[in-house]
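The values are calculated or read from the model by the stated rules, or taken from the named source; none is laboratory data. The structure presented is a predicted model; accordingly, all values stated were derived computationally and were not measured. Don't worry about glycine lacking a Cβ; one is built from the backbone with ideal geometry, like all the others, and counts go over all protein chains shown.
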Amino acid sequence: MKTSLFILLLSVFSWGFAQADVDTRPQVVIDPGHGGSDTGSKEGSEVEKTWNLKIAEALSKAFEANGYQVLMTRTSDDDLDSEKRINTINTSNAKVVLSIHADREWTGTQTGPFFVVEPPNQSATADVDSIQPLGAITALQYHASLKLARNIGQKLGANISMSDLSDSRGLAGEVVSPNGKVACLPHQSLRYISKPAVVITPLFITSASDLKKFGESTAIDDFALKVVVGVSDNLGIVLKLPTPTAGVAK
Amino acid sequence: MNSKFPVVKVTMAVTAFFLIVFGVFFFLKFHGKAKSLELAHNANSTPLFETGDKPMKVYIKAVEMDNGKLFNLQETIYQSKTRINQMRQLLLVFLNGPRTGKDQVPVPEGLKLNDFYFTPQGTAVVDISTDQIMPGKMGFYEEVLFIRALIETMSQNFFEIKQVKVLVDGKDAKTLAGHYALGSADLGAPVVQNVNSF
């Protein structure tokens, strides 16, 4: 009798401890593009990989401060093996994947934010319940990624229509806009990712106005917080954001 | 009757003079262009066009520097014996298009054409080399503009072109310059993954 009671109590405690160890916070993957010898694009002294990491770090802080669990694919300026990166992302419990890529464009007319989602492709099998081959982007995944891009874009005040650079195969029922900031295009960072994922281009390093904006002390943190709110909207999570302090009337 | 003779003679002389001037002008114009285009093309193929071939209007995609948007820029190529040679000319006109001024082609400095061929299934295969592009000088947006402009330039001038396949140094490449995923979904026209399966 005593032994049975002991085993029962032990089981209850073990279960309790096991539950305590499980992190129930929603997980987000933040993937700062490039790193190490792979600098990404460059313009003068501006280097893409540096901006990507800087913004990813701010995003990580903002997500953690708002109750998220964050998985970063790199946390320093190191080379990242492509296969390892894909495995890290696909084996995580992440609800969404945010790949950060500052960009360049030689005319200097393009400004961020800009969003890219991977178009559905031929590799995807018609049966959505079956196991999809690696690299397959189903229509379902495409639409989940598109919704994510739009939720974030809305919070950042971007034009969330489809960019006219988009791949027409992803655009069933969509009307493209020359000023749209969401593009449906095949991006190497999104290939082989089996979760809702979006490439966020916060800024173009060839744009003087973007560099000026992101050069201000609070700009990156403001950007990060808006992304957190957009992702939370997408996941249906209500955030408890601090009320802005009222200004003192003169 | 005799008084009219000098008038006829003068008219004939003037006509002959103008014919010679036009002949020399067109010879120099066509001969010079043919030479430069042939030199630019690496493949051992027939001349892209020959003296006397008629000019034809084509439209290449270029970028307006004021707003960064693609638009149609009119250029001239020459009718030749084969459609493939016309396509090759168009490709060279696009790749060697303007890189200064208010309208520029979205082709990075250093990008070279290795070869071009066209399959009976309607695929234009463009084999390029990116070794000479300065590292970091091509972002995702620029890769997209180049691929988009290339595909639209080729397909809008030749109805036979159903899709465009880009090879880098004769092989399938993951990306053009690290971002745009080649071979997965080239802008509205699914591309064949493996050239050998044509």
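Just for the stretch A:96-106: of the residues that are outside any loop (DSSP other than H, G, I, E, B) and within 20 Å of residue A:37 (Cβ to Cβ), which one is nearest to the chain's Cα centre (by Cα)?
A:99
Which of the residues spanning the stretch A:161-190 are within 22 Å of residue B:143 (Cα to Cα) and either touching a residue at least 60 places away in the same chain (Cβ under 8 Å) or of a type in the set (Val, Ile, Thr) (or both)?
Result: A:176, A:181, A:182, A:183, A:184, A:185, A:186, A:187, A:189, A:190.
Mind checking which residues of the stretch A:60-82 are assigned to a helix (DSSP H, G or I) and under 17 Å from residue A:38 (Cα atoms)?
A:82
Residues of the stretch A:19-49 being loosely packed, with under 12 Cβ neighbours inside 10 Å and within 13 Å of chain B (Cβ to nearest Cβ), which ones?
Within the stretch A:19-49, A:37, A:44, A:45 qualify.
Hey, among A:189, A:207, which residue is under 20 Å from residue A:40 (Cβ atoms), within 13 Å of the chain's Cα centre (by Cα) and within 13 Å of chain B (Cβ to nearest Cβ)?
A:189
Which residue out of A:66, A:52 is in contact with a helix residue (DSSP H, G or I) (Cβ under 7 Å, 6 or more places away or on another chain) and either within 14 Å of chain B (Cβ to nearest Cβ) or surrounded by 17 or more Cβ atoms within 10 Å (Cβ to Cβ) (or both)?
A:66
Under 23 Å from residue A:101 (Cβ atoms), at pLDDT 90 or above and of a type in the set (A, V, I, L, M): is that true of residue B:138 in this structure?
yes
Give the number of residues within the stretch A:177-220 that are over 16 Å from residue A:90 (Cα atoms), surrounded by 19 or more Cβ atoms within 10 Å (Cβ to Cβ) and hydroxyl-bearing (Ser, Thr, Tyr).
Within the stretch A:177-220, residues that are over 16 Å from residue A:90 (Cα atoms), surrounded by 19 or more Cβ atoms within 10 Å (Cβ to Cβ) and hydroxyl-bearing (Ser, Thr, Tyr) number 3.
List the number of the failed condition for residue A:180; all other conditions in (1) modelled with pLDDT of 90 or more; (2) under 26 Å from residue B:177 (Cα atoms); (3) not in a loop (DSSP other than H, G, I, E, B) hold.
(3)
With in a helix (DSSP H, G or I), farther than 21 Å from residue A:40 by Cα and modelled with pLDDT of 90 or more as the only criterion, which of A:87, A:93 stands out?
Just a single option satisfies the conditions, and that option is A:87.
Looking only at the stretch B:130-157, which residues are among the aliphatic types (A, V, I, L, M), more than 7 Å from chain A (Cβ to nearest Cβ) and in contact with a strand residue (DSSP E or B) (Cβ under 8 Å, 6 or more places away or on another chain)?
Of everything in the stretch B:130-157, those that are among the aliphatic types (A, V, I, L, M), more than 7 Å from chain A (Cβ to nearest Cβ) and in contact with a strand residue (DSSP E or B) (Cβ under 8 Å, 6 or more places away or on another chain) turn out to be B:145, B:147, B:149, B:150, B:151, B:154.
If residue A:199 passes every condition in (1) more than 12 Å from chain B (Cβ to nearest Cβ); (2) at pLDDT 95 or above but one, which one does it miss?
(1)
Could you give me the residue pairs with C-beta distances under 7 Å whose first residue belongs to the stretch B:89-106 and is more than 17 Å from residue A:106 (Cβ to Cβ), whose second residue is among the acidic types (Asp, Glu) wherever it lies, and which are 6+ apart or on separate chains?
Partner pairs satisfying both residue conditions: B:93/B:75.
Select from the stretch B:163-184 the residues that are in a loop (DSSP other than H, G, I, E, B) and away from chain A (no Cβ under 14 Å) and list them in ascending order.
Residues satisfying the conditions are B:169, B:170.
Give the stretch A:72-115 a look and list any residue that's facing another protein chain (nearest Cβ under 10 Å), of a type in the set (A, V, I, L, M, F, W, C) and either in contact with a Lys or Arg (Cβ under 7 Å, 6 or more places away or on another chain) or free of Cβ contacts under 8 Å to residues at least 12 places away in the same chain (or both), or say none.
Residue satisfying the conditions is A:114 alone.
Against the conditions (1) within 21 Å of the chain's Cα centre (by Cα); (2) within 14 Å of chain B (Cβ to nearest Cβ), where does residue A:177 fall short? Just the number, please.
(1)
Mind telling me which of the residues B:57, B:69 ends up being surrounded by fewer than 18 Cβ atoms within 10 Å (Cβ to Cβ), free of Cβ contacts under 8 Å to residues at least 60 places away in the same chain, more than 14 Å from every other protein chain (Cβ to nearest Cβ) and closer than 20 Å to residue B:105 by Cα?
B:57
Among (1) in contact with a strand residue (DSSP E or B) (Cβ under 7 Å, 6 or more places away or on another chain); (2) more than 26 Å from residue A:151 (Cβ to Cβ); (3) at pLDDT 95 or above, there is one condition residue A:79 misses while meeting the rest; what is its number?
That leaves (3) as the condition not met.
Could you list all residues from the stretch B:76-101 that are closer than 15 Å to residue B:61 by Cβ and surrounded by fewer than 18 Cβ atoms within 10 Å (Cβ to Cβ)?
B:96, B:98, B:99, listed by residue number.
Which one of the conditions (1) at pLDDT 95 or above; (2) within 11 Å of chain B (Cβ to nearest Cβ) does residue A:212 fail to meet, given that it meets all the rest?
So the condition that residue A:212 fails would be (2).
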